[in-house]
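Input: a single structure, listed below in structure tokens.
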2 protein chains.
Amino acid sequence: MEKLAPSSKIERVITFIQQQIDDRVLVAGARLPSLRQLAQQLGVSISTVIEAYARLVTAQRIEARAGAGYFVTGIRASYAFTAIAPRLDREVDPLWISRQSLEANSTHLKPGCGWLPEHWMPEDLIRKALRTVSRSATSHLVGYGQPLGFTELRHLIAQRMQMTDVMAHPDQILLTDSGTHAIDLVCRLFLNPNDVVLIDDPCYFNFHALLKTHQVKTISIPWTTTGPDLEQFSAALAHKPRLYITNSGIHNPTGGQLSLAIAYQILKMVEQTDLVIVEDDIFADLEYVPAPRYAALNGFAQVIQIGSFSKTLSASMRCGYIATQNQWVEQLIDLKIATCFNNNQLNTELIYHALTDHAYRKHVEWLKQQLALAMSKTIQNLQPLGIAPWIIPQAGMFLWCRLPDGYSAKEISKICLSQGVILAPGNAFSTHQSAEQFLRFNVAQSADQRIYQALQRAMQQLN
Amino acid sequence: MEKLAPSSKIERVITFIQQQIDDRVLVAGARLPSLRQLAQQLGVSISTVIEAYARLVTAQRIEARAGAGYFVTGIRASYAFTAIAPRLDREVDPLWISRQSLEANSTHLKPGCGWLPEHWMPEDLIRKALRTVSRSATSHLVGYGQPLGFTELRHLIAQRMQMTDVMAHPDQILLTDSGTHAIDLVCRLFLNPNDVVLIDDPCYFNFHALLKTHQVKTISIPWTTTGPDLEQFSAALAHKPRLYITNSGIHNPTGGQLSLAIAYQILKMVEQTDLVIVEDDIFADLEYVPAPRYAALNGFAQVIQIGSFSKTLSASMRCGYIATQNQWVEQLIDLKIATCFNNNQLNTELIYHALTDHAYRKHVEWLKQQLALAMSKTIQNLQPLGIAPWIIPQAGMFLWCRLPDGYSAKEISKICLSQGVILAPGNAFSTHQSAEQFLRFNVAQSADQRIYQALQRAMQQLN
């Protein structure tokens, strides 16, 4: 056996493995020889193989799996999507809040998450709906249902939309598997790569994540307390945007509401163009006094309204909808069949029974009162820390707050995460990265004093 | 009032309306003046306006809605998707069978559809699962759940996969909203426009519809009775395809099964490339003797397996899964959050309870016996018409049949549709349009003698 210097030995092992990967003797996903086996085969020490494997891990040629050994790294997926997951700085990545919140266990505090605590949700209504549906007709339990989705629920949604003066025929409403799914289908219908889409700055972080998967260019329009900035909206129209995605009712993350004056000005501009407004109405049930809707003014000529029931009824029974003009509904049906075949029929029947139960209306009234109380308590709790609301929202669960000068929301969020508190740092909502000093609080998830203690400690640590 | 010849009057009305549309006085979706109103305004007769509107409808500038009047045609959606719906010849469009089958009423006979009759489905199991879940923990009823999906169901799926020698860790399994949704997510992860994808010829028609939405190029590999044609598969690899989408277990539409010899040859070729095989295992529960799976030979190095429960349990509770290597699972989670936030948690729990009920196994055994009986009866019923099976499938619901020489499946399908019988003409399954003489029969939907009477009449009519 030839005598080699230690580093040459390590390199020999590396070259041997790389050659096997390049020659596809070891294919992607294949398990590498054990340390002992390879040491024996190449006549080197086990520690030499360990070091060689460690360097191959660093070079991302192989990966270690606890208790299972080393494996050849998989084939890379296309760049198109890889770009959506910038792991180097996941903290302000739009997906970070979602993943941390969804993966959190029950010991985590989640003032940054976008939904209500479990005990605020109407579980009795859902249990009752499950029992009711267990006696439904066979076709509802086993069949695919109509392409548009459960007829009764579509009628009910059309009725509910009338509360905000939006007039839709039930056949202009297409059921989807969630509110996110609804926006995604609309994007698939209208967008090609490199198209331009307008969004608010700040806006719901998942709009960024979703639009990145569509490989489009986004232009962020600063959100004033009562709607998008008119001058910047007007200027952005020169780029021939295809869609403008927004919340009219309760704006996420600011809690602002669109004013009638701004809605009117925006529509006058939009009607000169081919732009379509996608109005995400997901928080409609939480409003005291409904804000104006673009679809109430314009009908469905250039407006698509989407919504869901996950915020006030259940996030476990996914269901969303798209309301728009007949021509687009027809195309959306084809797209829905091609990409998910049909929505969940059993689920839509459960939701229909829960929504038509008179207890649902009572539940929503109770929710609105709880949110109003929690809103004022959260403001009081944040005040001693110098964290101030940007506006006092009229309704909803979100409070958009500014940190005292010199503090970074990202840094505070990192520290708080290590203490089991999941925050929502402002830049996750801003493509311009203009919200480094902001945090979004979900007032329903902000009752625990440990949140404010964690914030205080983090601010002291950064001082 | 100027005296005009009738045709000039009609043109004057047309010009007036077109000008208003071009000037955006009448925007897309806007309602046109009533017949009477416009007749008065322009000083023409109502019949002149009727004729003018009719011509504008033909020109697709406006559209008539029953009982509601005339409306300006909406803005066109992007070409990308419009291309998927060639309405001029919807009969052999991949979406036609889906839409006709989904939109059919109870008087239609559906030998062309891809699912079992309602009374073949285990409704009691589902009713029982609904009652069980009505007593579940609150978090299961109202929460979003884990990004991967309900843990117990993922464990169960991993166990079920072992029946075909496919070894997956439960964390390598991601739940989705349906089998179609699973394939769509995989396509979104791997494909960019103009990428090349291999499919079988014939193959499940919705693969065509789905791949068109991804704007990729497809290469169809002729399907032999035991797998893809090896020579043509090998030749297609020169085009650097990203994915090969196929059914290994029971092939749709032919009912063929992959042989071990072909699986081995295909994998040896694939391992020299970056191609990923997407193995749609949706009919697994209907097999008597499982066919080999690519994932059993290759693991998840270059194979992604997908499946669902809509064929044997319920199409109303949508749920699918993706099983693959850890790295891709991580990326698929991000993509799932961005595009649909999460799958339906309540639903996955219902499915878990139904699948773990010992009555499910009995139901599946019963189904397989029924299908075997229906298979031989369908063959007997078709024989007098000269319609012969391409192969006798070992299992499943599909029978791929050749018409006597000189008959067009498309023409026969058109005639039968007018008689309330929905067939599945061969070219809906073939991008090469090489299956004009074939029909796919779902033997479970083919018991009614009126189907064979309609076929006979159609063949006589075409003779």
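Would you tally the residues in segment B:158-200 being of a type in the set (S, T, N, Q), touching a residue at least 60 places away in the same chain (Cβ under 8 Å) and away from chain A (no Cβ under 13 Å)?
1
Restricting segment A:267-289 to residues that are of a type in the set (A, V, I, L, M, F, W, C) and within 14 Å of another protein chain (Cβ to nearest Cβ), which is farthest from A:His239 (Cα to Cα)? Before the answer, list the steps.
Step one: filter segment A:267-289 for residues of a type in the set (A, V, I, L, M, F, W, C), giving A:267, A:269-270, A:275-278, A:282-284, A:286, A:289.
Next, from what is left, pick out any that are within 14 Å of another protein chain (Cβ to nearest Cβ): A:267, A:269-270, A:275-278, A:282.
On the way: A:Leu267: 17, A:Met269: 14, A:Val270: 13, A:Leu275: 11, A:Val276: 14, A:Ile277: 15, A:Val278: 18, A:Ile282: 28 Å.
Filtering segment A:267-289 for residues that are of a type in the set (A, V, I, L, M, F, W, C) and within 14 Å of another protein chain (Cβ to nearest Cβ), the one farthest from A:His239 (Cα to Cα) comes out as A:Ile282.
Which strands (runs of 3 or more DSSP E) sit wholly inside segment A:201-282 and have at least 2 residues that are surrounded by fewer than 22 Cβ atoms within 10 Å (Cβ to Cβ) and free of Cβ contacts under 8 Å to residues at least 60 places away in the same chain? Steps first, please.
On the way: elements: A:217-224, A:243-246, A:276-280.
Fully inside segment A:201-282 and qualifying: A:217-224.
Do we find that A:Lys3 is over 36 Å from the mean Cα position of the chain (by Cα), at pLDDT below 70 and either part of a helix (DSSP H, G or I) or surrounded by fewer than 20 Cβ atoms within 10 Å (Cβ to Cβ) (or both) in this structure? Explain how you work it out, then say what you get.
Numbers: over 36 Å from the mean Cα position of the chain (by Cα): yes; at pLDDT below 70: yes; either part of a helix (DSSP H, G or I) or surrounded by fewer than 20 Cβ atoms within 10 Å (Cβ to Cβ) (or both): yes.
Yes: the conditions hold for A:Lys3.
Inside segment A:428-463, can you point out the residues that are open to solvent by less than 10 Å² (accessible area, probe 1.4 Å), among the polar types (S, T, N, Q) and in a helix (DSSP H, G or I)?
none
Restricting to segment B:125-159, and then to whatever is open to solvent by 20 Å² or more (accessible area, probe 1.4 Å), among the small types (Gly, Ala, Ser) and not in a helix (DSSP H, G or I), can you tell me which residue is farthest from B:His169 (Cα to Cα)?
Once the filter is applied, the top-ranked residue is B:Ala137.
Mind checking whether some residue in segment A:302-315 is more than 25 Å from the chain's Cα centre (by Cα) and modelled with pLDDT of 90 or more? Give the derivation first.
Residues of segment A:302-315 more than 25 Å from the chain's Cα centre (by Cα): none.
Among the residues of segment A:302-315, not one is more than 25 Å from the chain's Cα centre (by Cα) and modelled with pLDDT of 90 or more, which makes the answer no.
Of the numbered conditions (1) closer than 23 Å to B:Ile333 by Cβ; (2) facing another protein chain (nearest Cβ under 7 Å), A:Leu130 fails exactly one; give the number of that condition.
(1)
Out of the residues in segment A:341-364 that are closer than 19 Å to A:Ala315 by Cβ, part of a loop (DSSP other than H, G, I, E, B) and within 25 Å of the chain's Cα centre (by Cα), state the one that is nearest to the other protein chains (Cβ to nearest Cβ).
A:Asn344
In segment A:411-427, what count of residues is obtained for those that are assigned to a helix (DSSP H, G or I) and either closer than 24 Å to A:Leu371 by Cα or open to solvent by less than 20 Å² (accessible area, probe 1.4 Å) (or both)? Outline the logic, then answer.
So the first thing to find is which residues in segment A:411-427 are assigned to a helix (DSSP H, G or I), and the list is A:411-418, A:426-427.
Those still in the list that are either closer than 24 Å to A:Leu371 by Cα or open to solvent by less than 20 Å² (accessible area, probe 1.4 Å) (or both) too: A:412-413, A:416, A:426-427.
Qualifying residue count for the region: 5.
May I ask you to list the residues in segment A:311-332 that are facing chain B (nearest Cβ under 8 Å), within 22 Å of B:Asn347 (Cβ to Cβ) and open to solvent by 10 Å² or more (accessible area, probe 1.4 Å)?
Scanning segment A:311-332 gives a single hit, A:Arg318.
For A:Lys368, indicate whether it is part of a helix (DSSP H, G or I) and open to solvent by 10 Å² or more (accessible area, probe 1.4 Å). Give the steps one after another, and end with the answer.
Numbers: part of a helix (DSSP H, G or I): yes; open to solvent by 10 Å² or more (accessible area, probe 1.4 Å): yes.
So A:Lys368 fits the description; yes.
Can you name the number of the only condition in (1) at the interface with chain B (Cβ under 7 Å from one of its Cβ atoms); (2) open to solvent by less than 10 Å² (accessible area, probe 1.4 Å); (3) in contact (Cβ under 8 Å) with a residue 12 or more places away in the chain; (4) within 23 Å of B:Asn347 (Cα to Cα) that A:Ala338 fails?
(3)
Give the residue that is most open to solvent (accessible area, probe 1.4 Å), with candidates limited to residues of segment A:93-124 that are modelled with pLDDT of 90 or more, facing chain B (nearest Cβ under 8 Å) and outside any loop (DSSP other than H, G, I, E, B).
Filtering first and then ranking leaves A:His119.
So, in segment B:20-36, how many residues would count as being under 29 Å from A:Met269 (Cβ atoms), free of Cβ contacts under 8 Å to residues at least 40 places away in the same chain and either away from every other protein chain (no Cβ under 14 Å) or part of a helix (DSSP H, G or I) (or both)?
First, pick out the residues of segment B:20-36 that are under 29 Å from A:Met269 (Cβ atoms): B:20-33.
From the residues that got through so far, the ones that are free of Cβ contacts under 8 Å to residues at least 40 places away in the same chain too are B:20, B:22-25, B:33.
Remaining after also requiring either away from every other protein chain (no Cβ under 14 Å) or part of a helix (DSSP H, G or I) (or both): B:20, B:22, B:33.
Within segment B:20-36, residues that are under 29 Å from A:Met269 (Cβ atoms), free of Cβ contacts under 8 Å to residues at least 40 places away in the same chain and either away from every other protein chain (no Cβ under 14 Å) or part of a helix (DSSP H, G or I) (or both) number 3.
Please name all residue pairs, on different chains or six or more residues apart, with Cβ atoms under 7 Å, provided the first residue is in segment B:396-422 and is within 14 Å of B:Phe441 (Cα to Cα) and the second residue is part of a strand (DSSP E or B) and charged (D, E, K, R).
What qualifies is B:Phe398/B:Arg440; B:Trp400/B:Arg440.
Look at segment A:35-51 and say how many of its residues are open to solvent by 60 Å² or more (accessible area, probe 1.4 Å) and either of a type in the set (S, T, N, Q) or over 16 Å from A:Phe71 (Cα atoms) (or both). Break it down stepwise before answering.
Step one: of segment A:35-51, the residues open to solvent by 60 Å² or more (accessible area, probe 1.4 Å) are A:36-37, A:40-41, A:46-47, A:50-51.
Next, from what is left, pick out any that are either of a type in the set (S, T, N, Q) or over 16 Å from A:Phe71 (Cα atoms) (or both): A:37, A:40-41, A:46-47.
Matching residues across segment A:35-51 total 5.
The values are calculated or read from the model by the stated rules, or taken from the named source; none is laboratory data. These numbers come from a predicted model, not from an experiment. Methodologically, a virtual Cβ is constructed for each residue, glycine included, from the backbone with ideal geometry; neighbour enumeration extends over all protein chains shown. Remember, those area values only see protein heavy atoms, side chains included, never the ligands or the DNA or RNA. Shrake-Rupley method; radii C 1.70, N 1.55, O 1.52, S 1.80 Å.
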